[in-house]
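Novice: This is the structure, below, for whatever I ask next.
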Amino acid sequence: MAKPIAVYNDVHKSFGEVEVLKGIDLEIAPAEKVALIGPSGSGKTTIIRMLMTLEQPTSGTIVVDGQYLWHMEKNGELVPANEKHLRQVRGDIGMVFQHFNLFPHMSILENCMVAPINVKGVPKKEARQRSVEMLEKVGLGDKLDDYPSQLSGGQKQRVAMARALVMRPKIMLFDEVTSALDPELVGEVLEVIRDIAREGEMAMVLVTHEMDFARDIADRVVFLDEGRIAEQGTPEQVLENSESERLNSFLSRFRS
Amino acid sequence: MQGINITVTVLIASAVLSYLIAFIAGFGRLSNNIFIRKFTGFYVEVFRGTSLIVQLFWFYYALPGLFDIHLATDFWAAVIAIAMNYGAYMSEIVRGSILSVAKGQREAATALNMSRFQRMRLVILPQAVRMMLPEFGNYLIQMLKATSLVSLVGLTDILYHGDVFRSTHLSLAPTVYILILIFYFILALPLIWLTRWAEKQSSKGVASE
């Protein structure tokens with residue numbers, strides 16, 4: 001395996017009294033596509049939210065591209081990271097949310113342009129060009145000046161993906177991106193993710209309940225149960241040939 | 001009728017100053033610094049918890065008498081009193097609006113690697129301000145009516161002139177006060193329209209989750 005792009009080392013996370021992650025060790029290779037599956041409450045969303053710096057681990061370390069994410073080295077000791085350090089490390093990470101979280105006061109083109117211009121200092125003209133290209137790629141080239149409230153859920157989610165992609169992250173995180181969509185809109189969003197995955201160079205971590213989709217695009221499937229990684233392997237190993245009772249009872253819920 | 005210019009200038013000056021104070025105090029109450037938070041909280045409670053007219057008398061009579069502080073002119077004493085009072089109320093609107101921007105907006109901004117300041121400037125404030133507008137309009141109308149109190153400290157606004165006129169033409173008292181009411185209402189009308197417009201604006205472009 002190539003030098004990993006992200007490494008979790010004995011990561012624990014508690015919310016108050018409740019420990020949702022009980023020691024996660026996980027490595028993600030560059031360009032690797034990892035699907036996180038598991039029952040709700042198993043901690044899969046928390047895993048990627050910690051990588052996006054939206055949730056701070058209670059203990060343990062996360063390393064992104066050779067740099068500590070939540071810690072900085074100071075006089076040979078690890079101290080909690082400050083805002084500046086977090087900004088520096090999380091620049092390589094992008095995320096798409098279950099509820100889209102588009103900026104409602106901006107057109108969809110502005111939604112895509114705002115971060116490249118303000119965060120990365122990309123010239124306006126180039127940011128515009130990159131955003132238009134990306135929106136065309138997700139099939140929304142004719143809606144540049146629409147506002148999020150004018151779009152369907154599936155369209156919103158495609159804008160959210162374009163917005164994350166124009167930042168050219170090395171890792172993209174997908175947090176149950178089809179869970180809030182009407183069933184007939186799920187397909188168009190998965191199709192876009194498939195296209196992105198096929199291009200290859202970006203690592204992707206997907207929290208998902210779409211088992212067929214996970215089998216399709218994932219290099220590795222990780223099954224979480226009660227805050228621990230219970231099983232992991234290729235989609236065939238995990239989704240078809242596992243002997244774990246918990247996993248099979250979980251999977252049986254998705255077979256009709 | 002004379003005095004309209006005083007009423008209007010007091011209103012404009014108080015409004016501008018009170019919005020400024022509202023933003024400063026609103027942000028102060030959201031500060032990470034506990035002293036700033038406590039201090040602005042204290043200011044807000046004191047000015048909300050006491051009457052405007054007493055505050056007006058304080059700025060006008062008590063401060064000069066007690067501490068020899070003179071707030072430049074009568075005009076500014078009145079404006080500062082009104083602005084401090086309404087600024088305290090409106091700081092709560094500023095604070096509440098900022099807090100009520102959906103959490104997902106902050107998270108999306110973080111995921112795009114915006115700094116704390118950029119998150120506020122580009123994502124949170126533009127939405128929060130839309131929520132503030134209708135309430136700001138309501139307070140503006142209230143402020144117009146509150147300006148009538150400045151006649152009590154000798155500023156020659158609409159009410160002051162009306163009172164003077166009435167004292168020399170006692171039989172016309174009802175007519176005079178009806179006229180004053182009409183004047184205030186005419187002044188309030190554009191503000192009412194402004195508030196309606198603000199409500200329309202605010203219904204657009206805010207995340208609703």
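Novice: Going through the stretch A:123-140 one residue at a time, which ones are open to solvent by less than 10 Å² (accessible area, probe 1.4 Å), more than 13 Å from chain B (Cβ to nearest Cβ) and in a helix (DSSP H, G or I)?
Specialist: A:Leu135
Novice: Checking B:Thr156 against (1) assigned to a helix (DSSP H, G or I); (2) open to solvent by 30 Å² or more (accessible area, probe 1.4 Å); (3) not small (Gly, Ala, Ser): exactly one of these is not met. Which one?
Specialist: Tallying (1) assigned to a helix (DSSP H, G or I); (2) open to solvent by 30 Å² or more (accessible area, probe 1.4 Å); (3) not small (Gly, Ala, Ser), B:Thr156 fails exactly one: (1).
Novice: Also: With the requirement that a residue be open to solvent by 40 Å² or more (accessible area, probe 1.4 Å) and either under 12 Å from B:Ala111 (Cβ atoms) or of a type outside the set (A, V, I, L, M) (or both), what does the stretch A:77-105 give you?
Specialist: Answer for the stretch A:77-105, where residues must be open to solvent by 40 Å² or more (accessible area, probe 1.4 Å) and either under 12 Å from B:Ala111 (Cβ atoms) or of a type outside the set (A, V, I, L, M) (or both): A:Glu77, A:Pro80, A:Asn82, A:Glu83, A:Lys84, A:Arg87, A:Gln88, A:Asp92, A:Gln98, A:His99.
Novice: Give the number of residues within the stretch A:99-122 that are hydrophobic (A, V, I, L, M, F, W, C), free of Cβ contacts under 8 Å to residues at least 12 places away in the same chain and in a loop (DSSP other than H, G, I, E, B).
Specialist: Within the stretch A:99-122, residues that are hydrophobic (A, V, I, L, M, F, W, C), free of Cβ contacts under 8 Å to residues at least 12 places away in the same chain and in a loop (DSSP other than H, G, I, E, B) number 1.
Novice: Can you tell me which residues in the stretch B:97-130 are closer than 20 Å to A:Pro169 by Cβ and in contact (Cβ under 8 Å) with a residue 40 or more places away in the chain? Please lay out each step first, then the result.
Specialist: Of the stretch B:97-130, the ones closer than 20 Å to A:Pro169 by Cβ are B:104-115, B:118-119, B:122-123.
Once the filter is applied, which keeps residues that are closer than 20 Å to A:Pro169 by Cβ and in contact (Cβ under 8 Å) with a residue 40 or more places away in the chain, the stretch B:97-130 yields B:Gly104, B:Gln105.
Novice: Please find, within the stretch B:107-129, the residue that is nearest to B:Ala77 (Cα to Cα) out of those that are more than 7 Å from every other protein chain (Cβ to nearest Cβ) and open to solvent by 50 Å² or more (accessible area, probe 1.4 Å). Break it down into steps so the answer makes sense when it comes.
Specialist: Initially, the stretch B:107-129 is screened for residues more than 7 Å from every other protein chain (Cβ to nearest Cβ), giving B:109, B:117, B:119-121, B:124-125, B:128-129.
Those still in the list that are open to solvent by 50 Å² or more (accessible area, probe 1.4 Å) too: B:117, B:121, B:129.
Values: B:Phe117: 35, B:Arg121: 33, B:Val129: 29 Å.
Filtering first and then ranking leaves B:Val129.
Novice: Check whether at least one residue in the stretch A:141-157 is closer than 30 Å to A:Pro39 by Cα, within 12 Å of chain B (Cβ to nearest Cβ) and not β-branched (Val, Ile, Thr), and report yes or no.
Specialist: yes
Novice: All but one of (1) more than 22 Å from A:Phe223 (Cβ to Cβ); (2) open to solvent by less than 20 Å² (accessible area, probe 1.4 Å); (3) touching a helix residue (DSSP H, G or I) at 6+ places or on another chain (Cβ under 7 Å) hold for A:Ile37; state the number of the condition that does not hold.
Specialist: Failed condition: (1).
Novice: Kindly provide the set of residues from the stretch A:45-55 that are open to solvent by less than 10 Å² (accessible area, probe 1.4 Å) and either away from chain B (no Cβ under 13 Å) or more than 19 Å from A:His85 (Cβ to Cβ) (or both), ordered by number.
Specialist: Applying the first criterion (open to solvent by less than 10 Å² (accessible area, probe 1.4 Å)) to the stretch A:45-55 yields A:47-48, A:50-52.
Residues satisfying the conditions are A:Ile47, A:Ile48.
Novice: Could I ask something else about it? Go through (1) without any contact (Cβ under 8 Å) to a residue 12 or more places away in the chain; (2) touching a Phe, Trp or Tyr at 6+ places or on another chain (Cβ under 6 Å); (3) not aromatic (Phe, Trp, Tyr) one by one and return the number of the condition B:Val94 breaks.
Specialist: Checking B:Val94 against (1) without any contact (Cβ under 8 Å) to a residue 12 or more places away in the chain; (2) touching a Phe, Trp or Tyr at 6+ places or on another chain (Cβ under 6 Å); (3) not aromatic (Phe, Trp, Tyr), the one that fails is (1).
Novice: Separate question: Any chance the stretch B:131-138 includes a residue that's touching a residue at least 40 places away in the same chain (Cβ under 8 Å), over 15 Å from the mean Cα position of the chain (by Cα) and over 29 Å from B:Thr73 (Cβ atoms)?
Specialist: Within the stretch B:131-138 (the criterion being touching a residue at least 40 places away in the same chain (Cβ under 8 Å), over 15 Å from the mean Cα position of the chain (by Cα) and over 29 Å from B:Thr73 (Cβ atoms)), the answer is yes, since at least one residue qualifies.
Novice: Any residue that is modelled with pLDDT of 90 or more and in contact with a strand residue (DSSP E or B) (Cβ under 7 Å, 6 or more places away or on another chain) - is there at least one of those in the stretch A:176-186?
Specialist: So far as the stretch A:176-186 goes, yes, one or more of its residues are modelled with pLDDT of 90 or more and in contact with a strand residue (DSSP E or B) (Cβ under 7 Å, 6 or more places away or on another chain).
Let's see how each residue does on (1) within 30 Å of A:Gly154 (Cα to Cα); (2) within 11 Å of chain B (Cβ to nearest Cβ):
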site	(1), (2)
A:Pro57	no, no
A:Gln88	no, yes
A:Gln98	yes, yes
A:Ala115	yes, yes
A:Lys120	yes, yes
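Novice: Would you please list the contacts, defined by Cβ atoms under 9 Å and residues six or more apart or on different chains, that run from a residue in the stretch A:206-231 that is free of Cβ contacts under 8 Å to residues at least 12 places away in the same chain to a residue that is surrounded by fewer than 22 Cβ atoms within 10 Å (Cβ to Cβ)?
Specialist: A:Asp212/A:Phe254
The values are calculated or read from the model by the stated rules, or taken from the named source; none is laboratory data. In this text, all values refer to a predicted model and were calculated from it rather than measured experimentally. Cβ coordinates were reconstructed from backbone atoms using ideal geometry, including for glycine residues, and neighbour counts include every protein chain displayed. Just the protein is used for accessible areas: all its heavy atoms, side chains included, with ligands, DNA and RNA removed. Shrake-Rupley method; radii C 1.70, N 1.55, O 1.52, S 1.80 Å.
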